[in-house]
Amino acid sequence: MAANTLAALLHARAEDDRPGLMFEDTTWSWREHVAACRAAGAWLSGRGAGLHVGVLSENVPELVFLVGGAALSGHVVVALNPTRSVDELIRDARATDVDLLLADAPYAGLAGPLSEALGVEALPLPDASWSPGDAASGEDAAPEELVMLIFTSGTSGRPRAVRITQRKMAVPGLSLGAMLTPSDVVYCSMPLFHSGALMAAYAPAVVSGAALALRRRFSASGLLPDIRRYGCTYLHYVGKALSYVLATPERPDDADNPLRIAFGNEGSAVATRRFGERFGCRVIDAFGSTETAISLSPDPSGPPGCLGRLPEGVLILDPFTGRPCPPGRIEDGRLLNPDEAVGELVNVRGLGLFDGYYNDPEADAERIRDGAFWSGDLAYADGDGYVFFAGRGTERLRVDGENLAVAPIEAALREFAGVVEAAVYPVPDPAAGDQVMAALVLEGGFDPAAFTAFLATRRDLGTKSLPRYIRLSDHLPQTPSHKVIKRVLAREGWRTADPVWVRSGSGLRPLTDSDVKGIEEEFVRHGRQHLLEA
């Protein structure tokens, strides 16, 4: 059996009687865990060969056993995102050739119309007492064999189904599992229909023999009680999860917990630092994506906010010319030459762990050019080779002829007292280019004078980086993996029920209806009213 397959990793746990899965009030040993996976695989095989099984589910043991069962029996789990609309789910299921639907109880209402539109059978997700039948073993699983189809988060466009093979699950597990021992407990509250939880929580637990503690869905207030209840030493997060935990009331005993490591990606530099200090753990914020063609390892000795150094074979290239971008000139934390320094992260040596999208040659062609993988992620590097994230393809602004990256502006705004989260995005300028808009989630009220004074102290923000509009929100639209959906914010612009402040020559003031009317008239005068309609 190939060592770099999920099937082999599960097989290695088959005789392990230590705790393997914890969920609410029940614990399964690894022996019982693997037996349930084999039974799940046999149950699938009893319904047909090579099934594509669409699953709508919270984080429950049955979903974990189903994934393991697919790895052991040659079936494919299609991880459907239950937060998407019925029409979107129909498109996703058709694109991935789903021929059987399984739904956890909370999503049973979605399964009916989906089943009818697809013409496939829909069943409740079987409980953990699968009827064993002829248990699957996975003896013949090959590294390139398909186990799952997982959709990208779709923050900047339509989600795409990424091929998740045996090796694509095993390799991250082997890498991250090296940090763990069988006595560790891995906390998993990020959704298992995204790749992060599978590759950075589930797979490392399988590799190391650490127990996996599941929570149905993420809860900021429930995280610390769960950590203490299950004795969790490692947790996985994605996106803004740490910021939401930090927004919960602080207690003097927060650091009295067993947590050693928080591993994830897309946490802000402020949030990762504060989380580590408050809860007494090491936070490792790495860079990666569902495609896993490019990964960057954090370097604690690097400057604040950096992703680490460029790995061998990964370059920052100008997306228009294909030429390497020169180093960024950084002064007081401000990038002085974004026009030439910001480019796209490209793996020029190949595709890494990316095995392609499923039946989507157009998407493959967009990412793969002449054997190189173009990530769509923007970045720049300083003179020492340390890399800084600058946003994704849609996250660049052009203000008064100057190109700006959103990530450094967001990083600065998160330093303002009381900010739980900040998102920066472009809105059209009536005459040309863009204006900077920021949406803030705050603890307490908004003090415009204090905010103006704060911005005046930020030497890392040029005058063109200062937000023209400030939107104050209770929450930001986000994917289930806690990534802000900026296209929604950008589409709404200043036309929102949330309070919006506008910066003028006299300072910040609330945006009024007459202001909005004046802005729209200005677009008409410049012949750019179509941008408002878009």
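Output the number of residues of the range 1-29 satisfying the condition of being within 13 Å of VAL185 (Cβ to Cβ) and outside any loop (DSSP other than H, G, I, E, B).
Count: 6.
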Legend entry - Checking ALA93 against (1) out of contact with any Gly (no Cβ under 7 Å at 6 or more places or on another chain); (2) in a helix (DSSP H, G or I); (3) modelled with pLDDT of 95 or more; (4) more than 23 Å from SER189 (Cβ to Cβ), the condition it does not meet: (1)
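The rows are residues; the columns are (1) modelled with pLDDT under 90; (2) surrounded by 13 or more Cβ atoms within 10 Å (Cβ to Cβ); (3) assigned to a helix (DSSP H, G or I).
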position	(1), (2), (3)
VAL488	yes, yes, yes
TRP494	no, yes, no
ALA497	no, no, no
VAL502	no, yes, no
VAL516	no, yes, yes
GLU522	yes, yes, yes
Legend entry - Subset of the range 96-119 [touching a residue at least 40 places away in the same chain (Cβ under 8 Å) and either outside any helix (DSSP H, G or I) or surrounded by fewer than 14 Cβ atoms within 10 Å (Cβ to Cβ) (or both)]: THR96, ASP97, VAL98, ASP99, LEU100, LEU101, LEU102, ALA103, ASP104
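Can you name the residue in the range 261-274 that is outside any strand (DSSP E or B) and free of Cβ contacts under 8 Å to residues at least 60 places away in the same chain and is also surrounded by the fewest Cβ atoms within 10 Å (Cβ to Cβ) among such residues?
Among them, the one singled out is ARG273.
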Inset, instruction - Identify, by number, the condition in (1) in contact with a Cys (Cβ under 9 Å, 6 or more places away or on another chain); (2) over 20 Å from GLU15 (Cβ atoms); (3) of a type in the set (A, V, I, L, M) that LEU224 doesn't meet. - result: (1)
Inset, instruction - Filter the range 283-305 for residues that are part of a strand (DSSP E or B) and either assigned by TED's automatic domain parsing to the domain that holds LEU345 or in contact with a helix residue (DSSP H, G or I) (Cβ under 6 Å, 6 or more places away or on another chain) (or both) and give the result. - result: VAL283, ASP285
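Condition first: charged (D, E, K, R) and surrounded by 21 or more Cβ atoms within 10 Å (Cβ to Cβ). Now tell me which residues in the range 331-366 satisfy that.
GLU344
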Inset, instruction - Could you tell me whether GLY371 is under 30 Å from PRO249 (Cβ atoms) and not polar (S, T, N, Q)? - result: no
Legend entry - Which listed residue, of HIS33, HIS11, is surrounded by fewer than 21 Cβ atoms within 10 Å (Cβ to Cβ), within 24 Å of LEU212 (Cα to Cα) and assigned by TED's automatic domain parsing to the domain that holds THR165: HIS11
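Just to be sure I understand, how many residues within the range 202-256 are in a loop (DSSP other than H, G, I, E, B) and more than 23 Å from ALA178 (Cβ to Cβ)?
Result for the range 202-256: 20.
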Legend entry - Candidates ALA39, ALA35, ALA103, filtered to the one that is of a type in the set (A, V, I, L, M) and at pLDDT 95 or above: ALA103
Legend entry - Inter-residue pairs, beta-carbon under 6 Å, first over 14 Å from SER268 (Cβ atoms) and assigned by TED's automatic domain parsing to the domain that holds LYS464 and in the range 418-445, second surrounded by fewer than 17 Cβ atoms within 10 Å (Cβ to Cβ) and acidic (Asp, Glu), 6+ apart: GLY418/GLU443; PRO430/GLU522
Inset, instruction - State whether one or more residues within the range 326-349 are free of Cβ contacts under 8 Å to residues at least 40 places away in the same chain and on the phi > 0 side of the Ramachandran plot. - result: no
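The values are calculated or read from the model by the stated rules, or taken from the named source; none is laboratory data. Treat the numbers as computed from the prediction; the structure is a model and nothing was measured. When we count neighbours, we look across all protein chains shown, and the Cβ atoms used for this are built from the backbone with ideal geometry, even at glycine.
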